[in-house]
Amino acid sequence: ILKESTDEEDPKLEFKAKYVELNPLGKGGCGSVFNGYRKSDKLVVAIKHIPNDYIYCTHFDESGRELSVEVAVMLKLQSGTSNSAGSKAPITLLDWYVLPHELILVLERPMPASDLHSYIERRGGSLKESEAKIILKQLVEAAIHLQDEKIFHRDIKLENILIEMCSGAPRVRIIDFGLSCFTETNSTHKTFCGTDRYVPPEWLSQYKYSAGPTTVWQLGIVLFECLHNKNFSTSSYMKRQIKMDNRLSKDCKDFLKQCCTRDPKERPSLEQIHLHPCTDFHWSNVHSLCSLAQTSLFCLLSFFSSGFLADILP
């Protein structure tokens, strides 16, 4: 489906010679992800197996190579940088191998880190507004970066956001570009790809949506779920307005209201929400919002709960 190999076993042998695959980390709609490490330097990695049946779209790069869109998108995001692993919000693609029946992606795996859903659960089911804003600002900036590269993630949600925590404040990383595509901000899409409960209202009413307004919608839902101990559902929202925590600031309520506007034409752009008081702040005081003790504890818990040490130590 992607390209032919002169020797079908070569890519698999090359992969096994370079990496060790360990325990499963999770399974999604487009493949399974395993813990692993690179033999040469014991670098921790995530290894994603994608059956060919789940590779829905391909893309030809400038040299004429036919790639899965996920690979093409990740290569585009890290182009123009050397030693780019970890330097940007999107997770880095380290290697990929095209096998007869599947595609194997070897991905950067930040350590210690946790997906945003688990991160919130560790904090009792919701975040303080001050911490949620730190995460939100980074998400908005990452979304603008994707938009500038004409990339539409399509599935921004708690489970596709990693939180790195060893620098004094939560650092956002974006994962799972399996449903992403290249597009213009206002191009219309008529096939929904993503998580059902995050579907934008315009898809339910008109069966069409576009990148910019949908991304703003999804960012609003992420913020809502960070601050409320409950899951958001678009179908439920269409029947009744969402109830916001009365303790939220006026600015935070306004941000949620603007992002979760039902009419996509009424939603602000990514550039506009980047200037909203919820995200328009300087980083100078961010580290004071997360104590060193909390950071160190999170690092230890995340590292040992990952199971990596148990798998590689005798």
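The values are calculated or read from the model by the stated rules, or taken from the named source; none is laboratory data. Since the structure is predicted, the reported quantities are computational estimates derived from the model, not experimental observations. So basically every Cβ, Gly included, is an ideal-geometry build from the backbone, and we count neighbours across all protein chains shown.
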Check: So, in region 9-50, of the ones that are assigned to a loop (DSSP other than H, G, I, E, B) and surrounded by 12 or more Cβ atoms within 10 Å (Cβ to Cβ), which residue ends up modelled with the lowest pLDDT?
Finding: GLY29
Check: Of all the residues that make up region 193-222, how many are part of a loop (DSSP other than H, G, I, E, B) and closer than 20 Å to ILE161 by Cβ?
Finding: 5
Notebook entry, point to check: Got a sec? Which strands (runs of 3 or more DSSP E) wholly within region 51-159 have at least 1 residues that are without any contact (Cβ under 8 Å) to a residue 24 or more places away in the chain and crowded, with 16+ Cβ neighbours inside 10 Å?
Noted result: 93-98
Margin query: Of all residues being exposed (fewer than 14 other Cβ atoms within 10 Å of the Cβ) and part of a helix (DSSP H, G or I) in region 223-256, which is modelled with the highest pLDDT? Just the residue, please.
Written below: LYS250
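Yes or no: region 32-48 includes at least one residue that is aromatic (Phe, Trp, Tyr), free of Cβ contacts under 8 Å to residues at least 24 places away in the same chain and within 25 Å of ILE163 (Cα to Cα). So that I can check it myself, show each step before the final result.
Going residue by residue through region 32-48, those that are aromatic (Phe, Trp, Tyr) are 34, 37.
Okay, now just the ones that are also free of Cβ contacts under 8 Å to residues at least 24 places away in the same chain, so 34.
With within 25 Å of ILE163 (Cα to Cα) added as a condition, the list becomes 34.
Yes - at least one qualifying residue is present in region 32-48.
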Next item on the list: Taking only region 257-273 into account, find how many residues are part of a helix (DSSP H, G or I) and either surrounded by fewer than 12 Cβ atoms within 10 Å (Cβ to Cβ) or polar (S, T, N, Q) (or both).
Entry: 5
Notebook entry, point to check: Which one of these does TYR119 not meet: (1) outside the structural domain of GLY178 (by TED's automatic domain parsing); (2) under 18 Å from the mean Cα position of the chain (by Cα)?
Noted result: (1)
Check: Does at least one position in region 237-244 carry a residue that is in contact (Cβ under 8 Å) with a residue 40 or more places away in the chain, out of contact with any strand residue (DSSP E or B) (no Cβ under 6 Å at 6 or more places or on another chain) and assigned by TED's automatic domain parsing to the domain that holds LEU127?
Finding: no
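Can you find, within region 160-169, the residue that is farthest from LEU75 (Cα to Cα) among those that are outside any helix (DSSP H, G or I) and not acidic (Asp, Glu)?
Quick first cut of region 160-169, residues outside any helix (DSSP H, G or I) only: 161-169.
Right, trim to not acidic (Asp, Glu) and you get 161-163, 165-169.
Details: ILE161: 19, LEU162: 19, ILE163: 22, MET165: 26, CYS166: 27, SER167: 27, GLY168: 30, ALA169: 28 Å.
Taking the candidates together, the pick is GLY168.
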Check: Consider VAL216 against the criteria (1) over 30 Å from HIS49 (Cβ atoms); (2) of a type in the set (A, V, I, L, M); (3) surrounded by fewer than 21 Cβ atoms within 10 Å (Cβ to Cβ): it satisfies all of them except one. Which criterion is unmet?
Finding: (3)
Next item on the list: Please give the number of the condition GLU159 fails out of (1) under 26 Å from ILE242 (Cβ atoms); (2) out of contact with any Asp or Glu (no Cβ under 6 Å at 6 or more places or on another chain).
Entry: (2)
Check: Which ones in region 257-307 are at pLDDT below 95 and of a type in the set (Gly, Ala, Ser)?
Finding: SER284, SER288, SER291, ALA293, SER296, SER302, SER305, SER306, GLY307
Check: So which residues in region 163-198 are farther than 21 Å from VAL33 by Cα and out of contact with any Lys or Arg (no Cβ under 9 Å at 6 or more places or on another chain), if there are any at all?
Finding: CYS166, SER167, GLY168, ALA169, PRO170, ARG171, ASN186, SER187, THR191, ASP196
Item checked: Every residue from region 186-215 that is free of Cβ contacts under 8 Å to residues at least 60 places away in the same chain and closer than 21 Å to HIS276 by Cβ -> ASN186, TYR198, SER210, PRO213
Next item on the list: Show the residue pairs that are 6+ apart or on different chains and have beta-carbon atoms under 6 Å apart, the first residue being within region 3-24 and within 19 Å of HIS101 (Cβ to Cβ), the second being aromatic (Phe, Trp, Tyr) and at pLDDT 60 or above.
Entry: PRO11/TYR97; PHE15/TYR97; GLU21/PHE34; PRO24/PHE34
